[in-house]
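S.K.: So that we are looking at the same thing, I have put the structure below in structure tokens.
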């Protein structure tokens, strides 16, 4: 967890997180209660490039993406403050959220995101969550940054507090202050917070705290704020969401056969095979009709609706160490 010692001119709380995974870069810290960035461009990378997942292939998961974007822009489910996307491992949740993050950035939204990752000590720890989100919103909105700086100066021990108190002090209250200054009236900016892989947060108690804290914000947060959460349907996560369903502020979206994953997997495979045929080191040994519809049928069936299976197969075939047709 990020730590802040009693404030003084020499006090520095190191909140470093790897830049390539869109957390605080190694050149970011808080000095005397102020967000500071040394060197670096301050560029906000919308998606984590090192998860082994890329954004979705064109024309895949269109129905899911459209539904999420319609919710984010208030076209549907206007009372739903939270959208929980869930499905089994390998169903493509991370790729979907990464694509949504890219779409939100391209659309000019104020975006903040955290992609939990089980095997990374700084991305399986929920204590980094709020500081990371606040920093990214500070990059997206300059007036917000000043308000967050002031909040940290006023409460230098904020990172020792509960997730709910951190969310209120570093995200909700600054957004409320921006609303009072008519910032959003002058510039209608949807604000989307993306939290992926909540089940990969190692502490189950922290998982519940995050969900409960987010639900508790609804009466305090501005209407332009939306939170998108993705995870497996782990019992403790499912139970927490279900216990809060009576508040009618969350929408659940399950990745099941309704969204035709096999069709999307076939599109993905066709696209990747075409890429291999045209760019692979041994492309001259690859027939134009390779691999054929019968092979595609087998791969789609073996995928069982799981994008991760198809992705692993294609990474193997794309290796320059051997001919794809061998």
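S.K.: Could you work out how far the C-alpha centroid of the stretch 253-326 sits from that of the stretch 64-100, in angstrom?
M.R.: If you average the Cα positions of each part, the centres end up 25 Å apart.
S.K.: Now, a different point. What nm value, rounded to one decimal, do you get for the distance between residue 245 and residue 79 when each label is placed 7 Å out toward the C-beta?
M.R.: About 1.5 nm separates the two model spin labels.
S.K.: For residue 260 and residue 238, calculate 0.36 nm times their separation in residues minus their Cα-Cα distance, and state this gained length in nm to one decimal.
M.R.: Stretched fully, the residue 260-residue 238 segment lengthens by 5.6 nm.
Rule-based calculations on the coordinates, nothing more; no lab input. All values derive from a computational prediction rather than experimental measurement. Heads up, the Cβs are rebuilt from the backbone with ideal geometry, glycines too, and the neighbour counts pull from every protein chain shown.
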